[in-house]
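Okay, so here's the structure we're looking at.
The values are calculated or read from the model by the stated rules, or taken from the named source; none is laboratory data. In this text the structure is predicted, and so the values were computed from the model without any measurement. Positions of Cβ are backbone-derived with ideal geometry, glycine not excepted, and every protein chain shown enters the neighbour counts. With ligands, DNA and RNA removed, areas are computed over all heavy atoms of the protein, side chains included. Shrake-Rupley method; radii C 1.70, N 1.55, O 1.52, S 1.80 Å.
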Amino acid sequence: EPFVADEYIERLAWRTPGGGSRGGEAFDPKRLLEEFVNHIQELQVMDERIQRKVEKLEQQCQKEAKEFARKVQELQKSNQVAFQHFQELDEHISYVATKVCHLGDQLEGVNTPRQRAVEAQKLMKYFNEFLDGELKSDVFTNSEKIKEAADIIQKLHLIAQELPFDRFSEVKSKIASKYHDLECQLIQEFTSAQRRGEISRMREVAAVLLHFKGYSHCVDVYIKQCQEGAFLRNDVFEDAAILCQRVNKQVGEVFSNPETVLAKLIQNIFEVKLQSYVKDQLEEHRKSDAEQYLKNLYDLYTRTTNLSSKLMEFNLGTDKQTFLSKLIKSIFISYLENYIEVEIGYLKSRSAMILQRYYDSKNHQKRSIGTGGIQDLKERIRQRTNLPLGPSIDTHGETFLSQEVVVNLLQETKQAFERCHRLSDPSDLPKNAFRIFSMLVEFLCTEHIDYALETGLAGIPSSDSKNANLYFLDVVHQANTIFHLFDKQFNDHLMPLISSSPKLSECLQKKKDIIEQMEVKLDMGIDRTLNCMIGQMKHILAAEQKKTDFKPEDENNVLIQYTNACVKVCGYVRKQVEKIRKSMDGKNVDTVLMELGVRFHRLIYEHLQQYSYSCMGGMLAICDVAEYRKCAKDFKIALVLQLFDTLHALCNLLVVAPDNLKQVCSGEQLANLDKNILHSFVQLRVDYRSARLARHFS
């Protein structure tokens, strides 16, 4: 434990008699001091003894350090001597090695010609046997020495090719025959070894055949046998991937050029198995069923490219990407050349069928929306005057817009975009995508939406029709939903295909033009629908509002809070406001409601100008306007509410006392109005002709 001086002194005092309160003894400072002095002397003696021991150990350590340094110096000298000896030995070894290499070169220079001479002598001996027409050597008669025989016959075959044909034609044919026989035997041996699964024997035979002309035939046999039993399932692409995976592990153990053999296997699979499979799948539907043909083409091309991606993992040589791309192109080139024509033709017929099936389900014979000079003239007149040209058509509440039809058209187009992305050449992709987009615009926007808008416009009754049913807002609602779906597909599926090409601006402009064209018709239809709403309100007011409402015969016996005309108009307006809110979204709601509110205010304003008002009639008019103002709050448009607030203030002029007219006219709500407007309302009072009222107002 660490030494603590305070604790040490405490223990010493505690052990000393009279040093503390132990056992009730009295404290004796002299005795404690004496004990401390004696103890200090003992510690001093102990310190001196330990110091002498330390000095002795230091001297011994210095002595041993000097001895160790001397031994190190001696070892360094010995090491230097040993290093010198090592250098001398290394130089001697290098000298001897040089001599040995020189001697080896001399021996090789003598031995190589000798070996060549021996080899030439053997070949001459074997050549003589072919000349004599009788093969006696064991190497040719012993089937176990086929490897040595193959080496000899291969060399003899090369020599025979250099000999003149007229003198050595017979021996050349014999050598060629033997060459061919041995080659066939080796290939047969390789085939048998492959069937037995003897990899080492296959490797030996392949190495011998490497120098023969039939080596490629050996590779063909290997490829053929590899595929035996490999394509038994329905999924030829999965079978091909598994086969290549298995062969890739084996081919390196058999052949010296595994990447070439594996590439040849893959080429054989593509050009034989896959090509015939693709042809069977596509030719069946090529002329009879375009939909199935396109689906099969997309599926087969996708699965082929996926297989190609898996094969990229293997070593197939330097440019395997180009190699595999050429194989895929060789299979599909005849189908991809006219792909987009088939796609457009199918999309056109399919879209037309979807639309026709829908109109047939509605028992509707589609009207022809004319084109040409007369139709263009009508369109310009209608846009500028907002007049309905031609008879109104009763659509019986049918909008001729169907989300099911739209979803089907968009789904067909989505699949076409996916096929276009996969099957089109990169240079043709933007152009092909634009053609598909044009088909979508033609059938969805022109043939379906635009036709529905034209039909809806023709179905809007004139503004003076009674009890007219207004269905155009339903058309607006559905068209708005369809626009969102159309825009989503444009952004999600078309934009990625054309984003980096000049076709982008062309597509955006086409989309902008078609939307602007439809917005013009929507605006026109909404405007005419609002006119019809105002016309309906006019009919209600004309039928329900009586002159006696505001000039009752008995001023003291008026029991109603507001007129019946006001009740019916407000009920009608609230229904139309609710319908507008359901049919539109965003800022369009506020824009249309503001327009309706302004026209509603103008109608009520002009309506009130047609009557004369007694005092009680004026009060009833104020109550009516208050109800109209309450109805205007449902619009949630500040301008509309402000207009009715002002109208309510104007109606106060019908009942205010003559003496207070100037004060009311200078109020906050009426101060900024034209004096003629104020005057026109004051003139509606039955007491206006009184000199007093005219004088006060002037």
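Couple of notes before you dig in:
- Cα-Cα P(r), the stretch 482-607, percent of pairs per 5 Å interval: 2, 8, 14, 15, 11, 10, 9, 7, 6, 5, 4, 3, 2, 2, 1, 0, 0
- For the Cα trace of the stretch 400-470, dividing Rg by the Kirkwood Rh returns an Rg/Rh value of 1.25.
- Those lysines that a straight Cα-Cα span of less than 18 Å connects to residue 56, excepting residues fewer than 8 apart in one chain: 66
- Pairs exceeding 31 Å between alpha-carbon atoms, taken from 362/431; 431/587; 326/414; 362/511: 362/431; 431/587.
- Surface accessible to a 1.4 Å probe, residue 616 within the full protein complex, Å²: 70 Å²
- Residue 671-residue 623 FRET efficiency (beta carbon distance; Förster radius 35 Å; 0.05 resolution): 0.90
- Mean separation of Cα contacts under 8 Å (6+ apart) over length of the stretch 161-307, as relative contact order %: 18 percent
- Cα convex hull volume per residue for the stretch 2-102 (Å³): 142 Å³
- Here the stretch 500-557 and the stretch 608-659 have alpha carbon centers that stand 24 Å from each other.
- Selected from 199, 263, 244, residue furthest toward positive end of dipole (the stretch 161-307; charges at beta carbon): 199
- The length gained by stretching the chain between residue 110 and residue 192 to full extension, at 0.36 nm per residue less their Cα-Cα distance, is 25.2 nm.
- Amide N proximity, the stretch 670-684 versus residue 639 label position 7 Å along Cα-to-Cβ, cut-off under 16 Å: none
- Cross-link table 546/575; 551/633; 538/575; 547/662; 488/510; 575/633, entries beyond 18 Å C-alpha to C-alpha: 546/575; 551/633; 547/662
- Pairs of lysines in the stretch 161-307 (C-alpha under 28 Å apart; 8 or more residues apart or interchain): 21
- For residue 341 and residue 504, a Förster radius of 30 Å and the Cβ-Cβ distance give a FRET efficiency of 0.80, rounded to the nearest 0.05.
- Each Cα pair under 8 Å and six or more residues apart adds its separation to the average, and for the stretch 550-696 the resulting relative contact order is 29 percent.
- Solvent accessible area, Å² - residue 449, 1.4 Å probe, full protein context: 0 Å²
- Taking 0.36 nm per residue of separation and subtracting the current Cα-Cα distance, fully stretching the chain between residue 462 and residue 481 would add 4.1 nm.
- Between 564, 446, 478, the Cα set farthest toward the positive side of the dipole of the stretch 440-587 (charges on each charged residue's Cβ, about the Cα centre) is that of 564.
- Nitroxide proxy distance, nm - points 7 Å out along Cα→Cβ at residue 349 and residue 26: 13.6 nm
- Rounded accessible area of residue 7 (nearest 10 Å², 1.4 Å probe): 100 Å²
- Extending 7 Å from the Cα toward the beta-carbon at both residue 238 and residue 224 defines two label points whose distance is 3.0 nm.
- Solvent-free Debye scattering, log10 I(q)/I(0), computed from the Cα coordinates of the stretch 161-307 at q = 0.10, 0.18 Å⁻¹: -0.51, -1.02
- Computed log10 I(q)/I(0) for the stretch 242-382 at 0.14, 0.16 Å⁻¹: -0.79, -0.92, from the Debye equation with unit scatterers placed on every C-alpha and solvent omitted.
- Distance between modelled label sites at residue 217 and residue 37, nm, 7 Å Cα→Cβ extension: 12.7 nm
- In plain terms, the C-alpha convex hull of the stretch 400-549 casts an average shadow of 10.1 nm² when viewed from every direction.
- At R0 = 25 Å, FRET efficiency that the Cβ-Cβ distance of residue 659 and residue 609 yields, to 0.05: 0.50
- Convex hull volume of the stretch 550-696 per residue (C-alpha atoms, cubic angstrom): 106 Å³
- Separation of alpha-carbon centers, the stretch 195-239 and the stretch 392-468, rounded to whole Å: 58 Å
- Mean Cβ count within 10 Å, highest first, over the residues of peptides 265-278, 91-104, 297-310: 265-278, 297-310, 91-104
- In a simple Cβ point-charge model (Lys, Arg +1; Asp, Glu -1; nothing else charged), the stretch 161-307 has a dipole of about 260 debye relative to its Cα centre.
- Potential lengthening of the chain between residue 414 and residue 302 amounts to 38.7 nm, from the contour at 0.36 nm per residue minus the alpha-carbon distance.
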